[in-house]
Amino acid sequence: MAILKLQNGTILTDIQHIAQELASLNIQLNRWSVGENPDLRRLLAQDSLDEDEKSQVLKALDSYFEQLQQTAGYQSRDLIVLNPGIPNLDGLLAKFDQIHTHADDEVRYVIDGEAIFGFVRRDRTQVELTVQPEEYINVPAGTEHWFYLTPARRVKAVRYFISTEGWVPQYTGRKKLLGVRS
Ligand SMILES: [Fe+2]
């Protein structure tokens, strides 16, 4: 389950407490099961996936995409697979680990590994949310946030898009107070 770190170092693991802390940001955090499909489970256990295997994973989870298409006008989805074997992983991560916003919501479904989303709250305090497997997150457009990986540097996540232009990062120039690597 998700873990929330507050700026004062407090760690919260209770989903109700996490929801309270994130309430002012209107972030949605839901548990979405990947189900029991053994082929999907086998693919999720692999370190890397070729294009055909990525398509199989997306197809197995398309009931969620269809729901987002019907209720919120989502147009496309893809699968990101990040692990230490990816060439230029640091370069890829550097694009998103500074505080930024997007014109559209940032919508991710973590299906393996984990990722950290940092947020600037209305009162300017910062928090970091570790999103774990079978968790769906919707970060509203305009929310100041950042993204990076836990020390395992491993995640598989479905990204859902209304438009691919909408998730280009716009950097706000604000300094991170959490998750600053020495
Ligand atoms: Fe982002």
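In region 99-119, the count of residues that are without any contact (Cβ under 8 Å) to a residue 60 or more places away in the chain, small (Gly, Ala, Ser), buried (at least 19 other Cβ atoms within 10 Å of the Cβ) and within 15 Å of Phe147 (Cβ to Cβ) is one or more. Counting the residues of region 54-108 that are away from the ligand (no atom under 13 Å from the Cβ) and part of a loop (DSSP other than H, G, I, E, B) gives 10. Residue count for region 137-181 under the criterion of being crowded, with 16+ Cβ neighbours inside 10 Å and in a helix (DSSP H, G or I): the result is 1.
Considering only residues that are under 30 Å from Thr143 (Cβ atoms) and part of a helix (DSSP H, G or I), which ones fall in region 41-53?
First pass over region 41-53, keeping only residues under 30 Å from Thr143 (Cβ atoms): 44, 49.
Scanning region 41-53 gives a single hit, Leu44.
If you go through region 129-182 and keep only what is acidic (Asp, Glu) and within 11 Å of the ligand (Cβ to nearest atom), you end up with just Glu144. Scanning region 35-56 for residues that are closer than 23 Å to Tyr148 by Cβ and in contact with a Leu (Cβ under 6 Å, 6 or more places away or on another chain) gives a single hit, Lys54. When only residues in region 15-40 that are in a loop (DSSP other than H, G, I, E, B) and under 19 Å from the mean Cα position of the chain (by Cα) count, which is surrounded by the fewest Cβ atoms within 10 Å (Cβ to Cβ)? Filtering first and then ranking leaves Ser33.
Restricting to region 101-138, what's the tally of residues that are polar (S, T, N, Q) and within 16 Å of Ile162 (Cβ to Cβ)?
Total satisfying the criteria: 2.
When Val110, Val120 are checked against the criterion of being among the aliphatic types (A, V, I, L, M) and touching a Pro at 6+ places or on another chain (Cβ under 9 Å), Val110 stands alone in meeting it.
All of the numbers you see were taken from the coordinates with simple rules; none came from a lab. Remember, it's a predicted structure, so these values are computed and weren't measured experimentally. Backbone-built Cβ (ideal geometry, glycine too); neighbour counts: all protein chains shown.
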